[in-house]
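The values are calculated or read from the model by the stated rules, or taken from the named source; none is laboratory data. Source: prediction; values computed, not measured. Glycine also receives a Cβ, built like all others from the backbone with ideal geometry; neighbour counts cover every protein chain displayed. The area values use the complete protein model at the heavy-atom level, side chains included, leaving out ligands, DNA and RNA. Shrake-Rupley method; radii C 1.70, N 1.55, O 1.52, S 1.80 Å.
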Amino acid sequence: MGKAIPNRSDDYSLWYNEIVKKAGLAENSPVRGCMVIKPYGFAIWEKMQQSLDKMFKDTGHENAYFPLFIPKSYLSREADHVEGFAKECAVVTHYRLKTNEDGDGVVVDPEAKLEEELIVRPTSETVIWDSYKNWIQSYRDLPLLLNQWANVVRWEMRTRLFLRTAEFLWQEGHTAHATKQEAEAETKQMLDVYADFVENYMAVPVVKGVKTESERFAGALDTYCIEAMMQDGKALQAGTSHFLGQNFAKAFDVKFATKEGKEEYVWGTSWGVSTRLMGALIMAHSDDDGLVLPPKLAPIQVVIVPIYKGDEQREAVSKVAKAIKKDLSEKGLSVKFDDRDTHKPGWKFAEYELKGVPIRVAFGPKDLENGTVEIARRDTKEKQVIRLEDISVQVTNLIDEIQKNIFGKALTFRKENTHQADTYEAFKSLLDQGAFVYAHWDGTTETEERIKEETKATIRCIPLDSPEEMGACILTGKVSNRRVLFARAY
RNA sequence: CGGGGUGUGGCGCAGUCCGGUUAGCGCGUUCGCUUAGGGUGCGAGAGGCCGGAGGUUCGAAUCCUCUCACCCCGACCA
């Protein structure tokens with residue numbers, strides 16, 4: 001009761017904010033736009049990291065770490081890149097404080113001004129390519145497949161926990177290749193890795209596509225992305241993979257000698273996902289009772305809540321509960337036995353629902369007597385009483401079932417809210433309902449811009465799987481040969 | 001940077017228009033008892049320079065001036 005959260009339908013963004021705070025995922029920090037990620041939220045992020053990191057390693061990548069600070073001059077080496085990021089960079093100008101002459105507090109020491117100002121990385125292409133210049137001389141040094149887990153800073157005007165914060169955590173992959181084909185293949189491979197992760201671990205269906213010119217990463221030739229639908233029908237870009245061509249190689253003079261002895265610029269890619277995925281996870285599945293986590297990413301997959309009256313019962317119940325825990329843990333599940341005597345069962349039920357624990361096992365005196373146990377699933381709120389000896393089989397099956405069901409539910413929701421529009425009127429009204437709209441577009445930035453101004457919707461992507469289809473642009477009526485995906489977005 | 005709003009115990013708020021004793025309430029917290037299959041109930045307690053500075057007044061959470069911070073809505077973005 002003390003932790004009730006607002007209804008999704010009343011105020012979606014308030015619901016989101018409250019769920020993040022009440023479920024103990026994150027809170028605002030003293031610095032505007034930054035956030036404190038709390039242990040439970042960080043545990044989910046760690047699960048994401050673990051899964052992704054394995055996928056990166058399995059595709060041949062290694063981790064490295066590059067510095068937080070970047071010489072200001074580096075950013076400007078690539079023209080589009082600097083233009084894209086200059087407006088949101090934090091800059092370090094001094095390296096020392098001194099005590100205030102008035103006696104209290106500290107002030108920046110004007111004597112300690114840096115020769116060259118440093119920027120706090122908004123992304124690391126520039127420092128990394130500066131290193132690559134030294135690391136790559138021959139085709140034998142290629143491909144170079146690196147990833148780093150890091151924090152980056154982009155000084156955003158409006159921030160929201162996880163969805164957009166001034167500082168966020170992410171991974172950024174940076175690769176260098178001998179040929180264009182290989183770099184393009186890498187770009188697409190990593191997009192597939194992201195799609196695989198988001199769909200199969202996060203249980204959020206995505207649309208894979210290419211960004212239009214105006215939405216492209218600053219400095220890339222092509223930006224691929226995965227777009228997910230949130231429960232309010234808005235789109236959220238869940239990951240991006242960029243084909244950089246030779247842009248950064250040229251900017252940082254990274255050349256290699258080919259087998260034939262010719263000197264050529266290398267081809268690059270970069271790709272990233274961030275703590276924004278946490279926002280996607282929350283907004284895709286959760287409900288008015290709190291978080292709903294897919295089992296594969298839930299820090300606690302099963303919680304056992306004992307029910308008892310008095311010490312004698314407590315002991316008897318606990319003994320069985322511990323055996324259940326052992327049994328389930330041996331099946332590879334992460335199980336918590338909440339034997340705290342300071343909270344009542346009902347309180348615990350509500351608490352673990354708020355935290356999105358996929359399965360709750362309740363065990364009490366009645367069960368002790370009947371040889372049964374109650375299991376409740378978070379996704380559907382269904383409860384059932386099963387025989388105690390069946391528990392590990394039932395729970396193991398249910399874990400898989402929940403993972404599938406959550407994905408299925410999100411997929412169904414997306415299908416129901418995805419439409420085609422052939423007139424501008426229909427287009428606008430669909431957007432107002434909160435939907436993904438497939439429509440024809442004449443391919444110009446001007447049209448895209450006008451549609452954005454008039455409807456607040458953007459082209460999320462040109463879907464990779466959208467078929468050729470002749471049609472007329474929704475706004476201008478000019479010819480178009482395929483539909484693109486429009487939506488309002490986070 | 002425009003437009004709107006809010007600052008009062010840890011959290012959420014009332015009180016502010018119309019100044020007047022010890023500044024209330026809910027949650028949380030502490031202690032005791034009670035309870036335990038959906039956020040137990042009762043009792044007792046702790047905890048607040050009312051965002052900050054200045055002013056008006058016999059008297060300011062309340063009125064005036066200035067200031068700071070945060071939130072929401074827009075322009076920018078993963």
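Just to check your reading of the model, which residue among A:L333, A:L328, A:L354 is within 8 Å of RNA strand B (Cβ to nearest atom) and under 33 Å from the mean Cα position of the chain (by Cα)?
When all the criteria are applied, what remains is A:L354.
Here is a list: A:A86, A:A79, A:A90. Which entry is open to solvent by 40 Å² or more (accessible area, probe 1.4 Å), of a type in the set (A, V, I, L, M), within 14 Å of RNA strand B (Cβ to nearest atom) and more than 20 Å from A:G279 (Cβ to Cβ)?
Answer to the selection: A:A86.
Yes or no: the stretch A:189-199 includes at least one residue that is in contact (Cβ under 8 Å) with a residue 60 or more places away in the chain, buried (at least 18 other Cβ atoms within 10 Å of the Cβ) and part of a strand (DSSP E or B).
No: zero hits.
Tell me which residues, restricted to the stretch A:233-254, are open to solvent by 40 Å² or more (accessible area, probe 1.4 Å) and either in contact with a helix residue (DSSP H, G or I) (Cβ under 7 Å, 6 or more places away or on another chain) or within 25 Å of A:T455 (Cα to Cα) (or both).
A:K234, A:Q237, A:D253
Taking A:K428 as meeting all but one of (1) touching a helix residue (DSSP H, G or I) at 6+ places or on another chain (Cβ under 6 Å); (2) open to solvent by less than 60 Å² (accessible area, probe 1.4 Å), write down the number of the exception.
(2)
So is A:K22 charged (D, E, K, R), touching a Gly at 6+ places or on another chain (Cβ under 9 Å) and either farther than 30 Å from A:N247 by Cα or more than 16 Å from RNA strand B (Cβ to nearest atom) (or both) or not?
Here the answer is yes, as A:K22 does meet what is asked.
Just give me the residues in the stretch A:434-471 being without any contact (Cβ under 8 Å) to a residue 40 or more places away in the chain and assigned to a strand (DSSP E or B), in sequence order.
A:E468, A:E469, A:M470
In the stretch A:326-372, which residue that is touching a Gly at 6+ places or on another chain (Cβ under 9 Å) and not in a helix (DSSP H, G or I) is most open to solvent (accessible area, probe 1.4 Å)?
Result: A:K355.
For the stretch A:29-43, give me each residue that is of a type outside the set (G, A, S), crowded, with 16+ Cβ neighbours inside 10 Å and touching a residue at least 40 places away in the same chain (Cβ under 8 Å).
Those that are of a type outside the set (G, A, S), crowded, with 16+ Cβ neighbours inside 10 Å and touching a residue at least 40 places away in the same chain (Cβ under 8 Å): A:M35, A:I37, A:Y40.
Over 19 Å from A:Q50 (Cβ atoms) and part of a helix (DSSP H, G or I): which single residue out of A:E315, A:E260 fits that description?
On inspection, the qualifying residue turns out to be A:E315.
Can you tell me how many residues within the stretch A:376-433 are assigned to a helix (DSSP H, G or I) and of a type in the set (S, T, N, Q)?
Within the stretch A:376-433, residues that are assigned to a helix (DSSP H, G or I) and of a type in the set (S, T, N, Q) number 9.
Just one of (1) under 19 Å from A:L25 (Cβ atoms); (2) outside the structural domain of A:G173 (by TED's automatic domain parsing); (3) modelled with pLDDT of 95 or more; (4) buried (at least 18 other Cβ atoms within 10 Å of the Cβ) trips up A:A321, so point out which.
(1)
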